[in-house]
Every structure is written in C-alpha cells, then in structure tokens.
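A.B. asks: Encoded as structure tokens, here's the structure I'll be asking about.
The values are calculated or read from the model by the stated rules, or taken from the named source; none is laboratory data. Keep in mind that what you see is a predicted model, and the values were worked out from it rather than measured. Cβ coordinates were reconstructed from backbone atoms using ideal geometry, including for glycine residues, and neighbour counts include every protein chain displayed.
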Amino acid sequence: MPTQSIQPSAAKRPRPAKPAVSGRGSSASTCNPRQTNRAGTSPAPEAPGTLSALSRFSEACACRPVDRPPIWLMRQAGRALPEYRALKEKYSFIELVQTPDLALEVTLQPIRRFGFDAAILFSDILVVAEALGQGYQFHDEGGIEMDFLLNSAAEIDALEVEAVTDRLQYAASALRQLKAALGHGAALIGFAGSPWTLANFMLEGAGVKEYGKARALLYSDPQLFGRLLEKLTRAVASFLQLQIDSGADAVQIFDSLGGGLSEGNFWAGSGLWIKKVIQSLKGVTPVIVFSKGTHGNWNELADTGAKVLGMDSNVRLAEMAKRLPQDMAVQGNLDPLVLTTNPEIVAAQTTRILREMHGRPGHIFNLGHGVPPNAKLENIQTLVDTVKNWRP
Ligand code: CP3
C-alpha cells in the first residue's frame, strides 16, 4: 500500500458539486484553496481572496481573466520524484497504474510537494490498447513493449471496443477518490492518447525510433486504416467519457506522434479522429488537445473542437496564441530541458513566457512535453514559485 496515504476518510466524503467549467454563466468563485484541499497537501500559501485552483484552471480553460495563469506539468508524477521512485521499489509501473489506491497516491505526490493547480490522473495512454485486448509490459530498462503487434486485418477486427469501459473501471475508481480528496484545491485532469498516436504504438509493438507503420497503412490501405482508427476513436471516446463521468474537470488528448504526419496528411491521419472523439463527448467538460510537432496545422487543430491547445517548445507561444481564435486557450511551451539546468535559468525562461503572454486570457502554464526524469526538484519548485508569484 502507499507509503504516504491521504487522509483516510477523504474517499468516503460526498463528491463536491461540479462547477460549470465552460458555461458562460459561471462566475469565478473566490475561496482559500487551503480550506478546500483535503489531499493532505501543503503547497505554498497564496494571498487570501485569490481564486481556488479549480476556479483558476476552469476559468483559464474558458478564456476568462484570472489572477495568474494556472500551472500543472505533463508527467508531473513519476521518476523525477523520490517518493515515486520509492514506490517503484515495491510496485511495478503497471501495478501503480491499475491499483486505484496507488494511482491516487502517485497522482497526489506532485500536488503535495509543489501545489500545482491541476492533478493529472496517474495512468498511461496504452491502458486503452490493453482494454481492447492488446496488453503491454513496461521495463525499467527498455521502456514499453506490447504483448504482440497488430499485424493483420483479423487482429484489428478482434479488438474489443465494447469491453473498454468495464476494463478501465480502475481508472474511474481512482478518479472518484481523487475528486473527493482534492475538492477545489486542484482541478482534476483525465486523459487518453489520440487514436493516431495509439495506432502507432499498437502497430509498432513498442516505442521505436522511427514510426512508419501507421503512416504506411494510411497510404497503402486507407480502408483498413479507417477501420482501425474508427475502433480506436470509439474506445478513446468511451474512456474519456468514463473519466468525465467519474469527476474529471477537463480531459487532455495526447497526440504525441501527430508530428509524424506531413501537414497535408495530418487531418486524415489524426485531426479528423480527434474531432470525432470530441464530438461524441457529452456535456461541457473542456478538452485540451496536445499535438506535438504539428505546427502547420493550427487551423485544423482549432477545428477539432478543443477548448485548449497544447503547444510544444518549438513555437513562440504568444505568436501562436495571436493566430488562434480568441476564445481558444493555450497551454504549454516551456522547454522541459530547462528543468535540468538551474533555478536562475528556470526563472528567466518562465518569466519570458509569462511576460509575452500577459494580457492574453486563456493561458495555462505547462511544459512543451513531459517532465524529464532528470529534472531537478529545485528547478520544478522555482518554476512553480515564479508562476505563483508572477505580478505583471
Ligand atoms: O502526466 C502525468 O503525470 C500522468 C502520467 C502519464 C504517464 N504517461 C505515466 C508514465 C501520462 C499523461 C502518460 C502519457 C503517455 N504515455 C504518452 C503521451 C505523452 C508523451 O509523453 O508523449 C505516451 C506516448 C505514453 C506511452 C508510454 N508510457 C511510453 C512511451 C513510456 C516509456 C517511456 C517513458 O517515458 O518511460 C511509458 C511509461 C510511463 N508512463 C512512465 C510514466 C511515469 C515511466 C514509468 C517509470 O519509469 O516508472
């Protein structure tokens, strides 16, 4: 069981009413985040009268003005944290993901330590592949490895879309507990891989240097490609809906391999399927789309129905934000490698983005990709402090 447990009664408390996250009518409520945070966290105190982290995050998603940009980091849980490495001594990665109490604990670790405005469920994009019938392993040396590869039409046809919701109940359970533990003290983010990114892993069988099989299938057999992507779209949509129904305040679609498609093929390979996923979701929960390396496709990304677009580090955030519809929020962009340098550099790079984005409502601070395993804790702390203390 977890080495650091949250307050034991937290999970039994009633779920707090879900605020309207993107409805025009909801006004920003003010409250002290420390009063509502039941996760046992002790983030840096903020001035009384500031927004709750949940309100700050939700308002930023809706492009309404906030006191300062909310901050969370992709891969904020994991190897950079000693408390995560300690749990890894006892449990495998897959056990951590699939045991709700452990996933809860790992999700909360970075919230306790740094006081981020949002918690992202500790999980993995490949849980959807596993729920479809294609299991996988994670090796500390060597990364992920699918149990088999999708090699034929028969294997694609055998993927069990209808089983996904049942098989991913462990994620729903972790989210329900997280929602009760966090209250308004942090927003809760669910996620899934994009159909395109999942297709790449499922066809290659592992993380590989050069992803070519999905692209080749798109060109050589568009019909079979469509059959696979249509199944993945339904599976991803079911998983995101389950997470929304279990308390997620926002969901992020990781299109980490979107940049493997040329500009002209992005829509057919990835954008279209992301749009279908978003269209099928019920309610008003904001969707964040992070499509890495797809800089020529902003119009298409805006057309997916995303409320928030994630940006990698290879663009100038403020310039991109100007080109997008003004009711679309932006997230990301700080080069993750900055977290391996020193606090002075972190503060300077963070302040540059804050300054450039000043006056543009709808800015969520994040990295251009995940926290690197060799990120220094003092650098993460400096990043969070710089954003929290930011005054234009
Ligand atoms: O952001 C978070 O804190 C939530 C957790 C999270 C993980 N994976 C945990 C994880 C999230 C959001 C993901 C998404 C994910 N998983 C993506 C998309 C984002 C991205 O990084 O591009 C992808 C492509 C995967 C698939 C995956 N999982 C790979 C390729 C690997 C091996 C490479 C690596 O980073 O180790 C994983 C393993 C994985 N997923 C780890 C973590 C913390 C490492 C586990 C460990 O070393 O203990």
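A.B. asks: Any idea which of (1) surrounded by fewer than 20 Cβ atoms within 10 Å (Cβ to Cβ); (2) closer than 21 Å to D245 by Cβ; (3) in contact with a strand residue (DSSP E or B) (Cβ under 8 Å, 6 or more places away or on another chain) is the one I189 doesn't satisfy?
C.D. replies: Status for I189: all satisfied but (1).
A.B. asks: For G359, work out the one condition from (1) assigned to a helix (DSSP H, G or I); (2) surrounded by fewer than 18 Cβ atoms within 10 Å (Cβ to Cβ) it doesn't fulfil.
C.D. replies: Unmet condition: (1).
A.B. asks: Considering the stretch 117-158 alone, what residues qualify as being over 28 Å from L178 (Cβ atoms), free of Cβ contacts under 8 Å to residues at least 60 places away in the same chain and out of contact with any helix residue (DSSP H, G or I) (no Cβ under 7 Å at 6 or more places or on another chain)?
C.D. replies: E141, G142, D147, F148, N151, S152, A154, E155, A158 - these are the residues of the stretch 117-158 that are over 28 Å from L178 (Cβ atoms), free of Cβ contacts under 8 Å to residues at least 60 places away in the same chain and out of contact with any helix residue (DSSP H, G or I) (no Cβ under 7 Å at 6 or more places or on another chain).
A.B. asks: Please verify whether the stretch 99-121 includes one or more residues that are outside any helix (DSSP H, G or I) and within 8 Å of the ligand (Cβ to nearest atom).
C.D. replies: yes
A.B. asks: Residue check, L149 against (1) under 22 Å from P110 (Cβ atoms); (2) at pLDDT below 95, all met but one. Which one?
C.D. replies: (1) is the only condition that L149 fails.
A.B. asks: Also: Just to be sure, is L178 within 13 Å of the ligand (Cβ to nearest atom), under 17 Å from the mean Cα position of the chain (by Cα) and either part of a helix (DSSP H, G or I) or of a type in the set (A, V, I, L, M, F, W, C) (or both)?
C.D. replies: Considered against the rule, which asks whether it is within 13 Å of the ligand (Cβ to nearest atom), under 17 Å from the mean Cα position of the chain (by Cα) and either part of a helix (DSSP H, G or I) or of a type in the set (A, V, I, L, M, F, W, C) (or both), L178 comes out as yes.
A.B. asks: Taking the options L367, L383, L337, name whichever one is of a type outside the set (S, T, Y) and more than 18 Å from P69 (Cβ to Cβ).
C.D. replies: The conditions single out L337.
A.B. asks: State whether the residues of the stretch 204-216 include one that is β-branched (V, I, T) and either at pLDDT 95 or above or in contact with a helix residue (DSSP H, G or I) (Cβ under 6 Å, 6 or more places away or on another chain) (or both).
C.D. replies: The answer is no; no qualifying residue exists.
A.B. asks: Can you tell me how many residues in the stretch 311-328 are under 14 Å from D255 (Cβ atoms) and touching a residue at least 60 places away in the same chain (Cβ under 8 Å)?
C.D. replies: 0
A.B. asks: Let me ask something else about it. Taking the condition surrounded by fewer than 19 Cβ atoms within 10 Å (Cβ to Cβ), within 15 Å of the ligand (Cβ to nearest atom) and under 30 Å from G226 (Cβ atoms), does E160 pass?
C.D. replies: no
A.B. asks: For I94, only one of the following conditions fails: (1) assigned to a helix (DSSP H, G or I); (2) within 9 Å of the ligand (Cβ to nearest atom). What is its number?
C.D. replies: Only one criterion in (1) assigned to a helix (DSSP H, G or I); (2) within 9 Å of the ligand (Cβ to nearest atom) is unmet by I94, namely (2).
A.B. asks: Let me ask you something else. Specify which of the listed residues (L168, L232, L178, L242) is within 22 Å of P100 (Cα to Cα) and crowded, with 24+ Cβ neighbours inside 10 Å.
C.D. replies: L178
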